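Below you'll find the structure, written out as structure tokens, and then a few comments.
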Amino acid sequence: MVIQYSSYAVISIIILFGVNAYSAERVVLSIVNGEQTHHFTMQDLDDLPKSKIITTTPWTGENTVFEGISAATLLKIIGESKASLKVTALNNYWAMIPSEDIDKYNPILAIRKDDKLMSVRDKGPVWVIYPLSDFKEEKNEVLHSRMVWQVDKIDIEK
């Protein structure tokens, strides 16, 4: 019984503290574009060109700094000029980010919050962030519903 309890304790500790560490080889985001799928590790995402959004959200309070690749830049990198994004979270919650939102708001796929990589516990590793404060949209529940966190898959919808 002591051995079994110890095993559970070790596993719990690994889960509790291990969520912050991402293996350089572990895929954290898959982007499906028709028949082609692009896989990104945390290092891959961190190496991409980054945009910064400083905004207030319902979940973080005042002026939080987010960094990640912009949706428009991501589309260019994978060879698309205009498309909507179906963004899916680890828990299978999904939202559609229309191409009009990308044109107007250019949300980012944030991997950093206040200069730190985001863990699953902190809504990471990828969180869709809109520049709510720039557009005075802090109370826009439609945009809130599109700010998917714990993103692990994006489908390109043309």
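Derivation of every value follows stated rules applied to the coordinates shown; laboratory data play no part. None of the values given here were measured: they were computed from a predicted structure. Here the Cβ positions follow ideal geometry from the backbone for every residue, glycine too, while neighbour counts run over all protein chains shown.
General remarks:
- Neighbour net charge for Val148 - beta-carbon separation under 13 angstrom, K R +1, D E -1: +1
- Net charge, Asp46 excluded, C-beta distance under 11 Å - Lys, Arg +1, Asp, Glu -1: -1
- Residues of type aspartates and glutamates that Lys158 reaches as a straight line, Cα spacing below 16 Å, ignoring anything fewer than 8 places off in the same chain: Glu35, Glu80, Glu100, Asp101, Asp103
- The string of couplings for region 67-84 from the Karplus curve (6.51, -1.76, 1.60, θ = phi - 60°) is 9, x, 6, 6, 4, 5, 5, 4, 4, 4, 4, 8, x, 10, 9, 8, 6, 9 Hz, one whole number per residue in order, with x for Gly and Pro.
- Among residues other than Thr56 with Cβ under 9 Å from its Cβ, the summed charge is -2 (Lys and Arg +1, Asp and Glu -1).
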